[in-house]
Every structure is written in structure tokens, then in C-alpha cells.
1. Which pairs do you get when a residue that is in contact (Cβ under 8 Å) with a residue 40 or more places away in the chain and not assigned by TED's automatic domain parsing to the domain that holds residue 103, found in the stretch 187-215, comes within reach of a residue that is surrounded by fewer than 20 Cβ atoms within 10 Å (Cβ to Cβ) and assigned to a helix (DSSP H, G or I), reach meaning Cβ atoms under 7 angstrom, with the pair 6+ apart or on two chains?
2. For the stretch 161-175, name all the residues that are modelled with pLDDT of 95 or more and surrounded by 17 or more Cβ atoms within 10 Å (Cβ to Cβ).
3. When the residues of the stretch 155-174 are filtered to those that are in contact with a helix residue (DSSP H, G or I) (Cβ under 7 Å, 6 or more places away or on another chain) and not hydrophobic (A, V, I, L, M, F, W, C), which remaining residue is farthest from residue 7 (Cα to Cα)?
4. For residue 155, indicate whether it is touching a His at 6+ places or on another chain (Cβ under 8 Å) and among the small types (Gly, Ala, Ser).
5. Given the structure, is residue 75 over 27 Å from residue 23 (Cα atoms) and of a type in the set (Phe, Trp, Tyr)?
6. Just to check your reading of the model, which residue among 158, 178, 141 is at pLDDT below 95 and either aliphatic (A, V, I, L, M) or touching a strand residue (DSSP E or B) at 6+ places or on another chain (Cβ under 6 Å) (or both)?
7. Does the stretch 176-215 hold any residues that are assigned to a loop (DSSP other than H, G, I, E, B), surrounded by 15 or more Cβ atoms within 10 Å (Cβ to Cβ) and acidic (Asp, Glu), and which are they?
Amino acid sequence: MVHVYALNIASLPDPLDAPEMLDCVWPERREKALRQRECLKRKQSAGASLLLKWVLRQRGFESKALRYGDKGKPFVEGICFSLSHSGDMVICAVGDKSVGCDIERSAQAREKVAERFFAPEEIEYLSRFSGDMLNREFFRLWTMKESYIKMTGEGLKLPLSSFYVDIGGDLSVFREGLPCACHVKEYSVEGYCLSVCSEDAVFSETIEFVPYDAL
């Protein structure tokens, strides 16, 4: 089963003002957080590290279990996880099979981005909407596509226009005209769009919000 955890970082101190908050995380992730130029990005990076640390601890993994691949991507043998952040929210999706997640704060739709990078089927779907509905449907679709490329591990090496999500149907992902062996689930967070994609078909029904003092 895929579980999704979330942390609201609004009350998190700036890591530059309270570097001790990162004493418990991995050196690589501590350095990554502290070298961010913007306060919000430092808090997002720190929050992601703290949440991942908490999730792994809850599942019985020690700190030394976290390793880094050739391209710097963190991984833990025996578990799959994915991190994402936007605005004041940090999320972590975790399961036994490949998983990817993405969260985006609601904003104005990037129509030119859709025209350039989305598949024709997705562009046609978005053409049915305008105003606030267009904004919402754009970011729903964006998070689904991002979660898919994170699940496969291909990232932006895979052109976003080379596959499409049947967002008007059952949320299946199609690649070269064929359905992919994955499943997409959306979660509700006020002011955000959040999607998780996994090879697993079973997802937790709700997000578990982790309080900062539990970390």
C-alpha cells in the first residue's frame, strides 16, 4: 500500500537562523538546505529532509540506510519513496513498489507550457475549460504527469508530450498508445493539487499530516 505524509512548514524556522534543527538529518541533505538562497526554499528543503527522516524512522530504517545513486538521487533498499514540495507544504509518498508524487500550489494556468509540452489529448481536454476551472485542471494534470516521470525515474529526460494522462476518464497513463502499468490517485489539500503515481494499485485514502513537534 502507498501511504502519503505531509508537513506544513509555515511555522518552521529558517534553517540559517536555527541550523541545529538539521543536526539529526544526513549531511548531504543538511548542506542542500543551507545552500538555498531563498528562505522558503531553505525551509522546503529542510522540511523534506525532516519528514523523510521521520517516515524512515517510523518504518524501522536507520539513518545509514539512506544512500545516493550515481546521479545523486537518494534511495533506501527495501522501500520506495518520493518527495515533493510547494509553498508551505512538503509531502512524502512511500510504498513497497515504485512511487512518485507531486504537489503544486494553485495558481494561474501556464497555457503556453501546456501547448508546448503536453500531449494533444491533454491539450484538447484543457481547451474545454477557462478561468479558475482551467487553472485547477492544468495543475491537476501537471501533478499527475510529474508524479509519473518521478515514479519511472526518467524525470524530464522523458518528454512530457510523449505520454498522456486520461484525466477525463479513469486517470490511466498512456505511452505509445498503450496503457502503462501504473495507478494515479489524487488527494485533497486546500489551495494545492496533489497526485501520486505508483505501480501499486492500493493507496491510503487520506494523507497523514505530521506535526512539526513530532519530528
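The values are calculated or read from the model by the stated rules, or taken from the named source; none is laboratory data. Because the structure is predicted, anything quoted here is derived from the model rather than measured. All Cβ positions, even for glycine, are placed from backbone atoms using ideal geometry, and neighbour counts span all protein chains on display.
1. Close Cβ pairs satisfying both conditions: 210/54; 214/54; 215/54.
2. Passing the criteria: 163, 164, 165, 171, 173.
3. The residue in question is 161.
4. Here the answer is no, as residue 155 does not meet what is asked.
5. So residue 75 does not fit the description; no.
6. Criteria check complete, one pass: 158.
7. If the condition is that a residue be assigned to a loop (DSSP other than H, G, I, E, B), surrounded by 15 or more Cβ atoms within 10 Å (Cβ to Cβ) and acidic (Asp, Glu), then 199, 200 are the ones that fit.
Conditions (1) in contact (Cβ under 8 Å) with a residue 40 or more places away in the chain; (2) part of a helix (DSSP H, G or I); (3) under 22 Å from the mean Cα position of the chain (by Cα), marked per residue:
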| residue | (1), (2), (3) |
| --- | --- |
| 3 | yes, no, yes |
| 11 | yes, no, yes |
| 16 | no, no, no |
| 21 | no, yes, no |
| 24 | no, no, no |
| 30 | no, yes, yes |
| 33 | no, yes, yes |
| 36 | no, no, yes |
| 42 | no, yes, yes |
